[in-house]
1. Looking at residue 320, is it in contact (Cβ under 8 Å) with a residue 12 or more places away in the chain, surrounded by fewer than 20 Cβ atoms within 10 Å (Cβ to Cβ) and either within 24 Å of residue 266 (Cβ to Cβ) or touching a helix residue (DSSP H, G or I) at 6+ places or on another chain (Cβ under 7 Å) (or both)?
2. Are any residues in region 1-25 free of Cβ contacts under 8 Å to residues at least 12 places away in the same chain, under 27 Å from the mean Cα position of the chain (by Cα) and part of a helix (DSSP H, G or I), and if so, which ones?
3. Considering each residue of region 353-383, count those that are out of contact with any helix residue (DSSP H, G or I) (no Cβ under 9 Å at 6 or more places or on another chain) and assigned to a loop (DSSP other than H, G, I, E, B), and give that number.
4. Could you check how many residues of region 5-24 are within 25 Å of residue 491 (Cβ to Cβ) and surrounded by 12 or more Cβ atoms within 10 Å (Cβ to Cβ)?
5. Which residue out of 302, 330 is assigned to a helix (DSSP H, G or I), without any contact (Cβ under 8 Å) to a residue 24 or more places away in the chain and either in contact with a helix residue (DSSP H, G or I) (Cβ under 7 Å, 6 or more places away or on another chain) or surrounded by fewer than 18 Cβ atoms within 10 Å (Cβ to Cβ) (or both)?
6. Which of the residues belonging to region 519-547 are in a helix (DSSP H, G or I), out of contact with any strand residue (DSSP E or B) (no Cβ under 8 Å at 6 or more places or on another chain) and either under 22 Å from residue 459 (Cα atoms) or touching a residue at least 60 places away in the same chain (Cβ under 8 Å) (or both)?
7. Quick check: anything in region 394-412 under 19 Å from residue 466 (Cβ atoms) and modelled with pLDDT of 95 or more?
8. Report those strands (runs of 3 or more DSSP E) wholly inside region 186-243 carrying at least 1 residues which are at pLDDT 90 or above and within 25 Å of the chain's Cα centre (by Cα).
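The values are calculated or read from the model by the stated rules, or taken from the named source; none is laboratory data. Everything numeric here is computed off the predicted structure, so don't read it as measured data. Positions of Cβ are backbone-derived with ideal geometry, glycine not excepted, and every protein chain shown enters the neighbour counts.
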(Lines give C-alpha, C1' and ligand atoms only; values in the text may rest on other atoms or scores of the structure.)
Protein backbone atom coordinates (compact mmCIF):
# COMPACT_ATOMS: atom_id res chain seq x y z
CA UNK A 1 0.00 0.00 0.00
CA UNK A 2 1.54 3.30 -1.14
CA UNK A 3 -0.38 5.65 1.17
CA UNK A 4 -1.20 5.02 4.81
CA UNK A 5 -4.33 7.14 4.40
CA UNK A 6 -5.80 4.40 2.21
CA UNK A 7 -6.20 2.28 5.33
CA UNK A 8 -9.65 2.12 6.95
CA UNK A 9 -10.31 4.67 9.70
CA UNK A 10 -10.60 1.88 12.28
CA UNK A 11 -7.03 0.74 11.54
CA UNK A 12 -5.73 4.32 11.68
CA UNK A 13 -7.36 4.71 15.09
CA UNK A 14 -5.67 1.54 16.30
CA UNK A 15 -2.29 2.82 15.07
CA UNK A 16 -2.75 6.18 16.79
CA UNK A 17 -3.42 4.49 20.14
CA UNK A 18 0.33 3.75 20.34
CA UNK A 19 1.16 7.48 20.33
CA UNK A 20 1.45 9.51 23.52
CA UNK A 21 -0.38 12.83 23.96
CA UNK A 22 2.51 14.94 22.65
CA UNK A 23 2.87 12.77 19.54
CA UNK A 24 -0.88 12.95 18.87
CA UNK A 25 -0.75 16.74 18.95
CA UNK A 26 1.97 16.67 16.29
CA UNK A 27 0.09 14.09 14.20
CA UNK A 28 -3.00 16.35 14.17
CA UNK A 29 -1.09 18.78 11.94
CA UNK A 30 -0.10 16.21 9.30
CA UNK A 31 -3.29 16.27 7.24
CA UNK A 32 -7.02 16.82 7.50
CA UNK A 33 -7.76 13.08 7.76
CA UNK A 34 -5.44 12.56 10.71
CA UNK A 35 -6.83 15.70 12.33
CA UNK A 36 -10.39 14.39 11.97
CA UNK A 37 -9.47 10.95 13.36
CA UNK A 38 -7.56 12.33 16.34
CA UNK A 39 -10.35 14.79 17.08
CA UNK A 40 -12.88 11.98 17.14
CA UNK A 41 -14.70 10.73 20.19
CA UNK A 42 -12.31 7.83 20.80
CA UNK A 43 -9.31 10.09 21.45
CA UNK A 44 -11.16 13.06 22.91
CA UNK A 45 -12.49 10.87 25.68
CA UNK A 46 -8.93 9.94 26.61
CA UNK A 47 -7.91 13.58 27.23
CA UNK A 48 -9.15 15.06 30.52
CA UNK A 49 -8.46 18.81 30.85
CA UNK A 50 -8.13 19.98 34.46
CA UNK A 51 -8.63 23.59 35.65
CA UNK A 52 -7.63 24.16 39.29
CA UNK A 53 -8.12 27.74 40.56
CA UNK A 54 -10.29 30.01 42.69
CA UNK A 55 -12.30 31.21 39.65
CA UNK A 56 -12.66 34.61 41.28
CA UNK A 57 -11.99 36.12 37.85
CA UNK A 58 -13.75 35.32 34.59
CA UNK A 59 -11.88 33.33 31.99
CA UNK A 60 -10.13 35.37 29.35
CA UNK A 61 -11.38 35.42 25.78
CA UNK A 62 -8.57 33.09 24.71
CA UNK A 63 -9.30 30.64 27.53
CA UNK A 64 -12.99 30.68 26.69
CA UNK A 65 -12.27 29.96 23.03
CA UNK A 66 -9.94 27.08 23.92
CA UNK A 67 -12.39 25.45 26.33
CA UNK A 68 -15.03 25.16 23.59
CA UNK A 69 -13.05 22.25 22.11
CA UNK A 70 -13.03 20.31 25.39
CA UNK A 71 -14.93 17.06 25.70
CA UNK A 72 -13.73 16.05 29.17
CA UNK A 73 -13.36 18.72 31.82
CA UNK A 74 -12.24 18.63 35.46
CA UNK A 75 -12.90 21.74 37.57
CA UNK A 76 -11.24 22.06 40.98
CA UNK A 77 -12.63 25.08 42.78
CA UNK A 78 -10.62 26.20 45.79
CA UNK A 79 -11.82 28.77 48.26
CA UNK A 80 -9.63 31.86 48.36
CA UNK A 81 -8.48 31.21 51.93
CA UNK A 82 -6.65 28.10 50.71
CA UNK A 83 -4.19 30.44 49.01
CA UNK A 84 -3.70 32.73 52.00
CA UNK A 85 0.01 33.00 52.83
CA UNK A 86 -0.66 33.63 56.51
CA UNK A 87 0.51 30.49 58.33
CA UNK A 88 -0.55 31.64 61.79
CA UNK A 89 -2.28 28.63 63.33
CA UNK A 90 -3.28 30.48 66.49
CA UNK A 91 -6.36 32.20 65.02
CA UNK A 92 -9.41 31.11 66.94
CA UNK A 93 -12.62 29.94 65.33
CA UNK A 94 -14.34 33.33 65.83
CA UNK A 95 -11.65 35.22 63.93
CA UNK A 96 -11.65 32.54 61.24
CA UNK A 97 -15.42 32.94 60.83
CA UNK A 98 -15.02 36.73 60.53
CA UNK A 99 -12.38 36.29 57.84
CA UNK A 100 -14.69 34.07 55.83
CA UNK A 101 -17.48 36.63 56.00
CA UNK A 102 -15.12 39.32 54.72
CA UNK A 103 -14.15 37.09 51.79
CA UNK A 104 -17.75 36.68 50.73
CA UNK A 105 -18.57 40.39 51.14
CA UNK A 106 -16.44 41.38 48.17
CA UNK A 107 -18.72 39.38 45.85
CA UNK A 108 -21.68 41.67 46.60
CA UNK A 109 -20.67 43.80 43.60
CA UNK A 110 -18.61 41.28 41.60
CA UNK A 111 -19.47 37.89 40.04
CA UNK A 112 -18.92 35.06 42.47
CA UNK A 113 -16.61 32.15 41.58
CA UNK A 114 -19.69 29.97 41.24
CA UNK A 115 -21.15 32.41 38.71
CA UNK A 116 -17.92 32.34 36.69
CA UNK A 117 -17.89 28.54 36.60
CA UNK A 118 -21.59 28.46 35.71
CA UNK A 119 -20.91 30.84 32.82
CA UNK A 120 -18.06 28.64 31.61
CA UNK A 121 -20.24 25.52 31.60
CA UNK A 122 -23.56 26.80 30.30
CA UNK A 123 -22.93 29.97 28.28
CA UNK A 124 -19.98 28.92 26.10
CA UNK A 125 -21.58 26.08 24.17
CA UNK A 126 -19.45 23.32 25.70
CA UNK A 127 -20.12 19.87 24.27
CA UNK A 128 -18.96 17.90 27.29
CA UNK A 129 -19.05 14.14 27.68
CA UNK A 130 -17.27 14.04 31.07
CA UNK A 131 -17.50 16.58 33.89
CA UNK A 132 -15.65 16.42 37.19
CA UNK A 133 -16.44 19.07 39.80
CA UNK A 134 -14.53 19.34 43.08
CA UNK A 135 -15.79 21.94 45.52
CA UNK A 136 -18.00 22.36 48.57
CA UNK A 137 -21.54 21.04 48.48
CA UNK A 138 -23.10 24.50 48.43
CA UNK A 139 -20.83 25.63 45.61
CA UNK A 140 -21.62 22.55 43.50
CA UNK A 141 -25.32 23.11 44.02
CA UNK A 142 -25.03 26.77 43.07
CA UNK A 143 -22.97 25.95 39.99
CA UNK A 144 -25.08 23.14 38.56
CA UNK A 145 -28.49 23.78 40.07
CA UNK A 146 -31.15 22.53 37.67
CA UNK A 147 -29.11 23.39 34.54
CA UNK A 148 -27.24 20.09 34.24
CA UNK A 149 -29.62 18.88 31.53
CA UNK A 150 -28.32 21.63 29.23
CA UNK A 151 -25.19 19.49 28.76
CA UNK A 152 -27.08 17.12 26.50
CA UNK A 153 -24.13 14.87 25.57
CA UNK A 154 -22.88 14.45 29.13
CA UNK A 155 -22.25 10.79 29.91
CA UNK A 156 -20.05 10.84 33.01
CA UNK A 157 -20.36 13.02 36.12
CA UNK A 158 -18.01 13.12 39.13
CA UNK A 159 -18.86 15.23 42.18
CA UNK A 160 -16.76 15.70 45.31
CA UNK A 161 -18.25 17.44 48.35
CA UNK A 162 -15.21 16.98 50.57
CA UNK A 163 -14.21 20.57 51.31
CA UNK A 164 -15.08 21.77 54.79
CA UNK A 165 -17.84 24.35 55.03
CA UNK A 166 -20.34 25.82 57.44
CA UNK A 167 -23.87 24.50 57.39
CA UNK A 168 -26.13 26.48 55.11
CA UNK A 169 -29.44 27.76 56.47
CA UNK A 170 -31.04 26.60 53.21
CA UNK A 171 -31.60 22.86 53.70
CA UNK A 172 -33.84 22.34 50.68
CA UNK A 173 -33.09 19.20 48.72
CA UNK A 174 -30.96 19.49 45.59
CA UNK A 175 -32.21 17.34 42.71
CA UNK A 176 -29.44 16.07 40.42
CA UNK A 177 -31.28 15.04 37.27
CA UNK A 178 -30.06 14.03 33.79
CA UNK A 179 -31.47 11.59 31.25
CA UNK A 180 -28.22 10.57 29.51
CA UNK A 181 -25.60 10.21 32.26
CA UNK A 182 -24.51 6.59 32.59
CA UNK A 183 -21.54 6.98 34.98
CA UNK A 184 -21.67 8.71 38.36
CA UNK A 185 -18.84 9.16 40.88
CA UNK A 186 -19.71 10.62 44.26
CA UNK A 187 -17.29 11.58 47.04
CA UNK A 188 -19.00 12.91 50.15
CA UNK A 189 -17.64 12.89 53.71
CA UNK A 190 -20.63 14.12 55.69
CA UNK A 191 -24.25 13.13 56.07
CA UNK A 192 -25.79 16.63 56.20
CA UNK A 193 -25.92 17.00 52.42
CA UNK A 194 -29.56 17.30 51.25
CA UNK A 195 -29.39 15.98 47.71
CA UNK A 196 -31.09 13.36 45.59
CA UNK A 197 -30.05 11.71 42.34
CA UNK A 198 -32.38 10.84 39.46
CA UNK A 199 -30.43 9.27 36.59
CA UNK A 200 -32.65 6.86 34.67
CA UNK A 201 -29.78 5.80 32.36
CA UNK A 202 -27.22 5.16 35.13
CA UNK A 203 -25.22 1.93 34.70
CA UNK A 204 -21.94 2.70 36.53
CA UNK A 205 -21.77 3.98 40.10
CA UNK A 206 -18.64 4.72 42.15
CA UNK A 207 -18.88 5.80 45.78
CA UNK A 208 -15.38 7.00 46.59
CA UNK A 209 -15.84 7.48 50.32
CA UNK A 210 -18.10 5.99 52.99
CA UNK A 211 -21.20 4.81 51.13
CA UNK A 212 -23.39 5.29 54.21
CA UNK A 213 -23.87 8.95 53.24
CA UNK A 214 -24.87 7.96 49.69
CA UNK A 215 -26.85 4.82 50.39
CA UNK A 216 -30.03 6.34 48.98
CA UNK A 217 -28.36 6.45 45.55
CA UNK A 218 -27.66 2.71 45.70
CA UNK A 219 -31.21 1.91 46.73
CA UNK A 220 -32.67 3.98 43.89
CA UNK A 221 -30.47 2.52 41.11
CA UNK A 222 -29.43 -0.99 42.25
CA UNK A 223 -31.75 -2.73 39.78
CA UNK A 224 -30.09 -1.11 36.75
CA UNK A 225 -26.40 -0.95 37.73
CA UNK A 226 -23.88 -2.87 35.65
CA UNK A 227 -20.70 -1.64 37.35
CA UNK A 228 -20.53 -0.76 41.03
CA UNK A 229 -17.63 0.44 43.19
CA UNK A 230 -18.32 0.92 46.88
CA UNK A 231 -16.44 1.58 50.11
CA UNK A 232 -17.61 0.62 53.61
CA UNK A 233 -16.65 1.88 57.01
CA UNK A 234 -18.68 -0.52 59.12
CA UNK A 235 -20.25 -3.97 59.05
CA UNK A 236 -23.79 -2.61 59.42
CA UNK A 237 -23.63 -0.84 56.04
CA UNK A 238 -22.36 -4.04 54.47
CA UNK A 239 -25.41 -5.86 55.85
CA UNK A 240 -27.71 -3.19 54.41
CA UNK A 241 -26.10 -3.57 51.00
CA UNK A 242 -26.56 -7.35 51.04
CA UNK A 243 -30.29 -6.87 51.45
CA UNK A 244 -30.49 -5.24 47.98
CA UNK A 245 -30.64 -6.92 44.57
CA UNK A 246 -28.38 -6.25 41.57
CA UNK A 247 -29.81 -8.27 38.68
CA UNK A 248 -27.83 -6.44 35.95
CA UNK A 249 -24.47 -6.18 37.76
CA UNK A 250 -21.40 -7.53 35.92
CA UNK A 251 -18.52 -5.78 37.78
CA UNK A 252 -18.37 -5.27 41.56
CA UNK A 253 -15.58 -3.61 43.54
CA UNK A 254 -15.76 -3.58 47.36
CA UNK A 255 -13.36 -1.89 49.76
CA UNK A 256 -13.43 -1.92 53.55
CA UNK A 257 -10.52 -1.03 55.78
CA UNK A 258 -10.45 -4.21 57.83
CA UNK A 259 -7.99 -7.02 58.50
CA UNK A 260 -7.90 -10.68 59.46
CA UNK A 261 -8.72 -9.90 63.10
CA UNK A 262 -12.01 -8.27 62.10
CA UNK A 263 -12.91 -11.40 60.17
CA UNK A 264 -12.04 -13.64 63.13
CA UNK A 265 -14.12 -11.57 65.56
CA UNK A 266 -17.06 -11.63 63.16
CA UNK A 267 -16.79 -15.42 62.76
CA UNK A 268 -17.19 -15.86 66.53
CA UNK A 269 -20.29 -13.69 66.88
CA UNK A 270 -22.16 -14.16 63.59
CA UNK A 271 -25.68 -15.53 63.33
CA UNK A 272 -24.70 -18.38 61.02
CA UNK A 273 -28.14 -19.25 59.67
CA UNK A 274 -29.49 -15.71 59.20
CA UNK A 275 -26.23 -14.37 57.78
CA UNK A 276 -25.81 -17.31 55.43
CA UNK A 277 -29.29 -16.73 54.04
CA UNK A 278 -28.51 -13.03 53.49
CA UNK A 279 -25.17 -13.79 51.81
CA UNK A 280 -26.70 -16.35 49.47
CA UNK A 281 -29.47 -13.90 48.57
CA UNK A 282 -26.85 -11.25 47.78
CA UNK A 283 -24.88 -13.53 45.44
CA UNK A 284 -28.03 -14.96 43.82
CA UNK A 285 -29.21 -11.41 43.09
CA UNK A 286 -26.12 -10.94 40.84
CA UNK A 287 -26.60 -13.71 38.23
CA UNK A 288 -24.54 -11.79 35.62
CA UNK A 289 -21.52 -11.04 37.83
CA UNK A 290 -18.29 -11.61 35.85
CA UNK A 291 -15.67 -9.54 37.67
CA UNK A 292 -15.19 -9.14 41.44
CA UNK A 293 -12.62 -6.87 43.11
CA UNK A 294 -12.29 -7.25 46.89
CA UNK A 295 -10.25 -5.25 49.35
CA UNK A 296 -11.88 -6.66 52.46
CA UNK A 297 -11.07 -9.85 54.35
CA UNK A 298 -14.54 -9.84 55.87
CA UNK A 299 -16.32 -9.58 52.50
CA UNK A 300 -14.46 -12.55 51.03
CA UNK A 301 -15.17 -14.60 54.16
CA UNK A 302 -18.87 -13.80 53.98
CA UNK A 303 -19.61 -14.40 50.29
CA UNK A 304 -16.91 -16.93 49.39
CA UNK A 305 -19.02 -20.06 49.88
CA UNK A 306 -22.03 -18.50 48.16
CA UNK A 307 -19.87 -17.63 45.13
CA UNK A 308 -18.71 -21.23 45.01
CA UNK A 309 -22.33 -22.37 44.77
CA UNK A 310 -24.03 -19.64 42.77
CA UNK A 311 -21.29 -17.56 41.08
CA UNK A 312 -21.52 -19.49 37.82
CA UNK A 313 -20.51 -16.54 35.62
CA UNK A 314 -17.65 -15.17 37.73
CA UNK A 315 -14.55 -15.12 35.52
CA UNK A 316 -12.22 -12.60 37.19
CA UNK A 317 -11.27 -12.22 40.86
CA UNK A 318 -9.01 -9.42 42.16
CA UNK A 319 -7.79 -9.40 45.77
CA UNK A 320 -6.00 -6.34 47.16
CA UNK A 321 -4.23 -5.90 50.54
CA UNK A 322 -5.67 -9.05 52.08
CA UNK A 323 -4.74 -12.17 54.01
CA UNK A 324 -6.16 -15.49 52.82
CA UNK A 325 -6.06 -18.62 54.91
CA UNK A 326 -5.97 -22.15 53.54
CA UNK A 327 -9.76 -22.61 53.83
CA UNK A 328 -10.48 -19.51 51.74
CA UNK A 329 -7.93 -20.57 49.15
CA UNK A 330 -9.70 -23.92 48.77
CA UNK A 331 -13.00 -22.07 48.40
CA UNK A 332 -11.59 -19.93 45.58
CA UNK A 333 -10.45 -23.12 43.85
CA UNK A 334 -14.07 -24.23 43.60
CA UNK A 335 -15.32 -21.12 41.75
CA UNK A 336 -16.85 -22.77 38.65
CA UNK A 337 -15.69 -20.62 35.73
CA UNK A 338 -12.87 -18.55 37.17
CA UNK A 339 -10.34 -17.67 34.45
CA UNK A 340 -8.36 -14.78 35.96
CA UNK A 341 -6.97 -14.29 39.48
CA UNK A 342 -5.10 -11.11 40.46
CA UNK A 343 -3.52 -10.72 43.90
CA UNK A 344 -1.83 -7.46 44.91
CA UNK A 345 -0.14 -7.28 48.31
CA UNK A 346 -2.13 -10.32 49.35
CA UNK A 347 -0.66 -12.91 51.67
CA UNK A 348 -1.65 -16.56 51.54
CA UNK A 349 -1.39 -17.91 55.06
CA UNK A 350 -0.23 -21.55 54.89
CA UNK A 351 -1.48 -24.07 57.42
CA UNK A 352 2.13 -25.24 57.85
CA UNK A 353 5.64 -24.28 56.80
CA UNK A 354 5.02 -25.84 53.38
CA UNK A 355 4.22 -23.41 50.61
CA UNK A 356 0.53 -23.46 49.60
CA UNK A 357 -0.46 -25.39 46.49
CA UNK A 358 -3.18 -24.23 44.11
CA UNK A 359 -5.28 -26.69 42.15
CA UNK A 360 -6.93 -24.62 39.40
CA UNK A 361 -6.10 -26.24 36.04
CA UNK A 362 -8.86 -24.18 34.38
CA UNK A 363 -7.16 -20.88 35.33
CA UNK A 364 -5.86 -18.92 32.32
CA UNK A 365 -4.42 -15.68 33.80
CA UNK A 366 -2.62 -15.29 37.13
CA UNK A 367 -1.07 -12.14 38.62
CA UNK A 368 0.85 -12.20 41.91
CA UNK A 369 2.19 -8.71 42.61
CA UNK A 370 4.10 -7.62 45.74
CA UNK A 371 2.82 -10.56 47.75
CA UNK A 372 4.46 -11.67 50.99
CA UNK A 373 4.15 -15.39 50.32
CA UNK A 374 4.76 -17.70 47.38
CA UNK A 375 2.80 -20.58 45.96
CA UNK A 376 3.98 -23.80 44.37
CA UNK A 377 3.86 -23.71 40.57
CA UNK A 378 3.04 -27.34 39.95
CA UNK A 379 0.64 -29.20 37.66
CA UNK A 380 -2.32 -27.60 39.44
CA UNK A 381 -1.82 -24.53 37.22
CA UNK A 382 -1.15 -26.39 34.00
CA UNK A 383 -3.70 -24.34 32.01
CA UNK A 384 -2.05 -20.95 32.62
CA UNK A 385 -1.42 -18.85 29.51
CA UNK A 386 -0.46 -15.57 31.20
CA UNK A 387 1.61 -15.11 34.37
CA UNK A 388 2.71 -11.88 36.06
CA UNK A 389 4.91 -12.47 39.08
CA UNK A 390 6.97 -10.50 41.59
CA UNK A 391 10.12 -12.29 42.75
CA UNK A 392 11.68 -10.90 45.91
CA UNK A 393 13.51 -13.86 47.44
CA UNK A 394 16.93 -15.29 46.67
CA UNK A 395 15.31 -18.47 45.44
CA UNK A 396 13.78 -16.75 42.41
CA UNK A 397 15.75 -19.03 40.07
CA UNK A 398 14.08 -22.09 41.65
CA UNK A 399 10.65 -20.53 41.18
CA UNK A 400 11.44 -19.91 37.51
CA UNK A 401 12.57 -23.52 37.11
CA UNK A 402 9.19 -24.67 38.45
CA UNK A 403 7.37 -22.33 36.08
CA UNK A 404 9.30 -23.53 33.04
CA UNK A 405 8.86 -27.21 33.88
CA UNK A 406 5.18 -27.21 34.92
CA UNK A 407 3.41 -24.55 32.81
CA UNK A 408 3.71 -25.80 29.21
CA UNK A 409 0.82 -23.62 27.90
CA UNK A 410 2.34 -20.32 29.03
CA UNK A 411 2.29 -17.66 26.27
CA UNK A 412 2.94 -14.47 28.28
CA UNK A 413 5.47 -14.21 31.12
CA UNK A 414 6.08 -10.97 33.02
CA UNK A 415 8.65 -10.88 35.82
CA UNK A 416 9.16 -8.16 38.43
CA UNK A 417 12.57 -8.84 39.93
CA UNK A 418 13.46 -7.19 43.23
CA UNK A 419 16.28 -9.60 44.00
CA UNK A 420 19.56 -10.67 42.46
CA UNK A 421 19.20 -12.30 39.04
CA UNK A 422 21.19 -15.51 38.82
CA UNK A 423 22.67 -16.47 35.49
CA UNK A 424 20.96 -19.88 35.71
CA UNK A 425 17.46 -18.42 36.17
CA UNK A 426 16.47 -18.86 32.50
CA UNK A 427 18.13 -22.26 32.06
CA UNK A 428 14.84 -24.07 31.31
CA UNK A 429 13.10 -21.30 29.35
CA UNK A 430 13.03 -23.42 26.17
CA UNK A 431 10.51 -25.77 27.84
CA UNK A 432 7.92 -23.02 27.44
CA UNK A 433 7.34 -23.98 23.82
CA UNK A 434 4.31 -21.67 23.43
CA UNK A 435 5.90 -18.56 24.95
CA UNK A 436 5.32 -15.52 22.73
CA UNK A 437 6.11 -12.53 24.96
CA UNK A 438 8.69 -12.10 27.72
CA UNK A 439 8.59 -8.95 29.86
CA UNK A 440 11.27 -8.13 32.45
CA UNK A 441 10.64 -5.33 34.97
CA UNK A 442 12.92 -3.47 37.39
CA UNK A 443 15.95 -5.67 36.89
CA UNK A 444 19.57 -4.64 36.40
CA UNK A 445 20.50 -7.18 33.77
CA UNK A 446 23.89 -7.80 32.23
CA UNK A 447 25.26 -9.93 29.43
CA UNK A 448 25.96 -12.70 31.95
CA UNK A 449 22.20 -13.02 32.60
CA UNK A 450 21.81 -14.80 29.23
CA UNK A 451 24.76 -17.20 29.59
CA UNK A 452 22.74 -20.32 30.42
CA UNK A 453 19.57 -19.35 28.52
CA UNK A 454 18.83 -21.83 25.71
CA UNK A 455 17.43 -20.98 22.30
CA UNK A 456 13.68 -20.26 22.45
CA UNK A 457 12.39 -20.07 18.87
CA UNK A 458 8.77 -18.99 19.48
CA UNK A 459 9.36 -15.75 21.42
CA UNK A 460 8.28 -12.85 19.23
CA UNK A 461 8.54 -9.86 21.59
CA UNK A 462 10.79 -8.94 24.54
CA UNK A 463 10.01 -5.94 26.77
CA UNK A 464 12.30 -4.28 29.32
CA UNK A 465 10.44 -2.04 31.76
CA UNK A 466 12.16 0.32 34.23
CA UNK A 467 15.51 -1.41 33.80
CA UNK A 468 18.37 0.88 34.84
CA UNK A 469 21.97 0.61 33.65
CA UNK A 470 20.95 -1.45 30.64
CA UNK A 471 23.72 -1.70 28.04
CA UNK A 472 23.37 -2.36 24.34
CA UNK A 473 25.70 -5.34 24.66
CA UNK A 474 23.19 -6.84 27.12
CA UNK A 475 20.68 -6.95 24.26
CA UNK A 476 23.11 -8.48 21.78
CA UNK A 477 22.34 -12.14 22.71
CA UNK A 478 18.62 -11.65 22.01
CA UNK A 479 19.05 -12.08 18.27
CA UNK A 480 20.64 -15.51 18.81
CA UNK A 481 18.53 -16.79 21.71
CA UNK A 482 15.20 -15.74 20.18
CA UNK A 483 15.46 -16.33 16.39
CA UNK A 484 11.74 -15.59 15.95
CA UNK A 485 12.04 -12.19 17.66
CA UNK A 486 10.37 -9.35 15.76
CA UNK A 487 10.01 -6.60 18.38
CA UNK A 488 12.03 -5.24 21.31
CA UNK A 489 10.35 -2.61 23.49
CA UNK A 490 12.25 -0.44 25.98
CA UNK A 491 9.89 1.25 28.44
CA UNK A 492 11.25 3.78 30.97
CA UNK A 493 14.77 2.37 30.76
CA UNK A 494 18.29 3.82 30.87
CA UNK A 495 20.31 2.36 27.99
CA UNK A 496 23.99 2.99 27.45
CA UNK A 497 25.76 2.34 24.16
CA UNK A 498 29.56 2.28 23.93
CA UNK A 499 32.41 2.73 21.49
CA UNK A 500 35.69 0.95 22.19
CA UNK A 501 37.89 2.73 19.61
CA UNK A 502 38.11 6.48 19.98
CA UNK A 503 39.89 9.11 17.98
CA UNK A 504 40.50 11.62 20.74
CA UNK A 505 41.85 11.20 24.26
CA UNK A 506 39.55 13.98 25.41
CA UNK A 507 36.50 11.73 25.04
CA UNK A 508 37.74 8.93 27.27
CA UNK A 509 35.23 8.07 29.97
CA UNK A 510 32.82 10.78 28.82
CA UNK A 511 29.09 9.95 29.05
CA UNK A 512 27.00 11.79 26.45
CA UNK A 513 23.18 12.12 26.62
CA UNK A 514 22.62 14.49 23.70
CA UNK A 515 20.87 13.98 20.38
CA UNK A 516 24.04 12.62 18.81
CA UNK A 517 24.28 10.06 21.62
CA UNK A 518 20.71 8.91 20.96
CA UNK A 519 21.44 8.56 17.26
CA UNK A 520 24.57 6.47 17.85
CA UNK A 521 22.80 4.31 20.43
CA UNK A 522 19.86 3.63 18.11
CA UNK A 523 22.21 2.74 15.29
CA UNK A 524 23.97 0.26 17.55
CA UNK A 525 20.66 -1.27 18.64
CA UNK A 526 19.57 -1.69 15.02
CA UNK A 527 22.90 -3.28 14.11
CA UNK A 528 22.72 -5.92 16.84
CA UNK A 529 18.97 -6.53 16.28
CA UNK A 530 18.65 -6.20 12.49
CA UNK A 531 15.43 -8.25 12.18
CA UNK A 532 13.59 -6.47 14.99
CA UNK A 533 11.59 -3.30 15.44
CA UNK A 534 13.12 -1.44 18.40
CA UNK A 535 10.58 0.82 20.15
CA UNK A 536 11.21 3.31 22.96
CA UNK A 537 8.96 4.93 25.55
CA UNK A 538 10.35 7.48 28.02
CA UNK A 539 13.73 5.81 27.62
CA UNK A 540 17.05 7.62 28.02
CA UNK A 541 19.77 6.69 25.52
CA UNK A 542 23.35 7.50 26.47
CA UNK A 543 26.67 7.02 24.74
CA UNK A 544 29.91 6.18 26.50
CA UNK A 545 33.41 6.44 25.09
CA UNK A 546 35.58 3.68 26.57
CA UNK A 547 39.32 3.73 26.94
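1. Details: in contact (Cβ under 8 Å) with a residue 12 or more places away in the chain: yes; surrounded by fewer than 20 Cβ atoms within 10 Å (Cβ to Cβ): yes; either within 24 Å of residue 266 (Cβ to Cβ) or touching a helix residue (DSSP H, G or I) at 6+ places or on another chain (Cβ under 7 Å) (or both): yes.
Considered against the rule, which asks whether it is in contact (Cβ under 8 Å) with a residue 12 or more places away in the chain, surrounded by fewer than 20 Cβ atoms within 10 Å (Cβ to Cβ) and either within 24 Å of residue 266 (Cβ to Cβ) or touching a helix residue (DSSP H, G or I) at 6+ places or on another chain (Cβ under 7 Å) (or both), residue 320 comes out as yes.
2. Of all residues in region 1-25, those free of Cβ contacts under 8 Å to residues at least 12 places away in the same chain come to 1-4, 6-8, 10-11, 14-15, 17-19, 22-23, 25.
Okay, now just the ones that are also under 27 Å from the mean Cα position of the chain (by Cα), so 10-11, 14-15, 17-19, 22-23, 25.
The answer is 10, 11, 14, 15, 22, 23, 25.
3. 10
4. Matching residues across region 5-24 total 7.
5. Working: 302 fails: without any contact (Cβ under 8 Å) to a residue 24 or more places away in the chain.
Result of the check over 302, 330: 330.
6. Answer for region 519-547, where residues must be in a helix (DSSP H, G or I), out of contact with any strand residue (DSSP E or B) (no Cβ under 8 Å at 6 or more places or on another chain) and either under 22 Å from residue 459 (Cα atoms) or touching a residue at least 60 places away in the same chain (Cβ under 8 Å) (or both): 527, 528.
7. Yes.
8. In region 186-243, 204-210, 227-232 are the strands (runs of 3 or more DSSP E) which contain 1 or more residues that are at pLDDT 90 or above and within 25 Å of the chain's Cα centre (by Cα).
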